[in-house]
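The values are calculated or read from the model by the stated rules, or taken from the named source; none is laboratory data. From a predicted model like this one, the values you see are computed outputs, not experimental measurements. With ideal geometry, Cβ positions are generated from the backbone for all residues, glycine too; neighbour counts draw on all protein chains shown. Please note that ligands, DNA and RNA were not included when accessible areas were found on the heavy atoms of the full protein model with its side chains. Shrake-Rupley method; radii C 1.70, N 1.55, O 1.52, S 1.80 Å.
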Amino acid sequence: MLRYGYIIVPSIVLGIVSRISMLRVDYRQYPSYPQGVFSHFTLGIVSSSLGAVALPALLEREFSAVTFLALAAQQFRDVRNLERQSLENIDKTELVERGTAYIEDIAKAFEARNYMTMLTSLIVSVVIFLLNKFLIKFYSILIGSILGILTIVLFHKAISRETVGEIADIYPANVSFEGSILTVNNMGITNIGLKKSRKIFLEKAIAVEIVPKDENAIATLSNLGQRKAIEHNVSVQLGVRKDLDEPDFTPMITRDPDTGKLVFIIVSMEPDIECLIIAVKRTVVLESAKRKPLSSYAGRKAAD
Amino acid sequence: MNNQTKNNILAIVTTDESKIIGGSVPIFLARDEKERERIAILLSKVTLGMIHDLENGCYIIVRH
């Protein structure tokens, strides 16, 4: 075992670095800090160890050790299930729900990141092993580590998701009432009965128009899960006025059936239109919501 | 919250009796505009529903 220490130790370290680089504690507070982060950090150590020892095990002719990788895959699928379940459970306690599509996306990301950790370790160990045949240990470890960091950067790029700002333009929009119908840029959203609520909407509501850049974006943004994700993200960042007994102020997104444009209205704690635009722009495009009709023959024909 | 009925009319509050014909929904008759608004608010607080205006003197309470 110690014979391969020069392969195993750097691989595990880089694997852990890759996991930590993906564990961001930001406004989403997911994974929750400190306990959620800690358990994912530990899982990161486990998966990087698995990636790191795969090659030395093969070198020792312990071919059965490779089946551990399959075990690891099973383990990470469980991580995904676990994340999904826990998010679904806490979703009921949210004023503005994440929605199942967003939850699925987060769970998928956790699984993928564990694989990323494992692969980073595996790549580093292979590189160090191969280089060690030509160079002294120190250089092979050094080059292996540098390549490992490059791998991490590449993986980051490969699994990073688009944001709404990249597939759509966001403009401020006007809020008004037609009788009891709340309208944004003349698009009817819902019926607000109470006069008091209408007054609050006119005074405090902020709204944006989300204009998709192409047919792909129209299809993606029409997804209900994607819309829920935007609502949730914005209400986490700007705060939401809604309470359980005041459902009038639930943030709402409506789609213009003619053009595919969306309008989004929210009565936030901080009515700042600039921040609203930034928050909408930075929402990720969900993997499960993404559609590409333009990549198909029929879709391209229909678009022009 | 999740096992409650959604998008159903829970109650009707009206000042105009002639606009309503029976049904399975509780109907609350109000004397004037002010009372109608008040009853609607009270009902919405209890049912956690949203108040919608039918613009004919009727409010409906719906939980979404």
- Between A:44, A:173, A:13, whose Cα lies farthest towards the positive end of the dipole of the protein assembly as shown when Lys and Arg beta carbons carry +1 and Asp and Glu beta carbons carry -1, centred on the Cα centre? A:13
- Heavy-atom accessible surface of region A:164-303: percent carbon and sulfur, 1.4 Å: 50
- For the protein assembly as shown, what is the calculated [θ] at 222 nm in deg cm²/dmol (nearest 500), taking -39500 (n - 2.57) for each run of four or more DSSP H residues and dividing by its residue count? -17000 deg cm²/dmol
- Message: Suppose we keep just the DSSP beta bridges with both residues in chain B; what percent of those would be antiparallel, to 5?
- Response: 75
- Item | q = 0.09, 0.23 Å⁻¹, region A:52-169: log10 I(q)/I(0) [Debye, one scatterer per Cα] | -0.39, -1.24
- Centroid-to-centroid separation of region A:100-175 and region A:253-304 [C-alpha atoms, Å]: 27
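Quick check: with the 1.4 Å probe, what order do B:64, A:232 take by accessible area, largest first?
Values: B:64 105, A:232 10 Å².
Heavy-atom accessible area, descending, gives B:64, A:232.
Please give the average number of partner chain Cβ atoms lying within 10 Å of the Cβ of each residue in B:46-53, rounded to a whole number.
Values: counts 1, 1, 5, 2, 11, 10, 8, 9.
Across B:46-53, the average partner-chain Cβ count within 10 Å equals 6.
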- Message: Apply the Karplus curve 6.51 cos²θ - 1.76 cosθ + 1.60, θ = phi - 60°, to the phi angles in region A:244-258 and return the couplings in whole Hz, x for Gly and Pro.
- Response: 4, 8, 10, x, 3, 9, 5, x, 9, 10, 10, 10, 7, x, 6
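Can you pull the Kirkwood radius for region A:164-303, inverse mean 1/r over Cα pairs, to one decimal in Å?
15.5
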- Mind pulling the angle between the C-alpha long axis of helix A:195-204 and the longest principal axis of chain A? Nearest 10 degrees, somewhere in 0 to 90. 60
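Sequence gap at least 6, Cα distance under 8 Å: using those rules, report the relative contact order of region A:113-210 to the nearest whole percent. Before the final figure, lay out the partial values.
Details: 76 pairs, mean separation 20.3, N = 98.
It rounds to 21 percent for region A:113-210.
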- Message: In region A:236-255, what residues drop by 10 Å² or more of accessible area when the other protein chains are put back, versus the chain on its own? Use 1.4 Å, and skip ligands and nucleic acids.
- Response: A:244, A:245, A:246, A:247, A:248
- Item | the protein assembly as shown - Rg and Dmax from Cα coordinates, angstrom | 27.3, 95
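Per-residue mean of other chain beta-carbon atoms within 10 angstrom of the beta-carbon, peptide A:290-299? List each step's numbers first, then the result.
Values: counts 0, 0, 0, 0, 0, 0, 0, 0, 0, 0.
Across the residues of A:290-299, the mean count of other-chain Cβ atoms within 10 Å is 0.
So if R0 is 35 Å, what FRET efficiency would residue B:38 and residue A:25 give, r being the distance between their Cβ atoms, rounded to the nearest 0.05?
0.15
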- Message: With angles folded into 0 to 90 degrees, how steeply does helix A:100-131 sit against the dominant principal axis of chain A? Use alpha carbons for both and round to 10.
- Response: 20
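Per residue, how much accessible area does the protein assembly as shown show when a 1.4 Å probe rolls over the protein heavy atoms, in square angstrom?
Working: 19280 Å² over 368 residues.
Per residue, the protein assembly as shown has 52 Å² of solvent-accessible surface.
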- For region B:9-62, just the Cα atoms, rotate onto the principal axes and tell me the three extents in Å, largest first. 27, 25, 16
- Using the Cα centre as the reference, give the magnitude of the dipole from point charges on the C-beta atoms of region A:2-159 (Lys, Arg: +1; Asp, Glu: -1; all else neutral), rounded to the nearest 20 debye. 540
- Would you jot down the residues in region A:163-199 that end up with at least 50 Å² less accessible area in the complete protein assembly than in the chain alone, with a 1.4 Å probe? A:191, A:193, A:194, A:195
- Nearest-ten-degree value, helix A:67-91 long axis tilted from longest Cα axis of chain A: 20
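Based on Cβ point charges of +1 for Lys and Arg and -1 for Asp and Glu, what charge dipole magnitude is obtained for region A:207-304 about its Cα centre, in debye rounded to the nearest 20? Write out the running numbers ahead of the final one.
Numbers: 14 positive and 15 negative charges, 133 e Å.
I would put it at about 640 debye.
Rank B:33, B:55, A:209 by accessible area, highest first, at a 1.4 Å probe radius?
Numbers: B:33 85, B:55 115, A:209 30 Å².
Result, largest first: B:55, B:33, A:209.
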- Query: In region A:158-220, if every C-alpha pair distance is counted and binned at 5 Å from zero, what percent goes to each bin?
  - Reply: 4, 16, 20, 16, 14, 12, 10, 5, 2, 1, 0
- Fraction of beta bridges assigned by DSSP in the protein assembly as shown that are antiparallel (%, nearest 5): 90
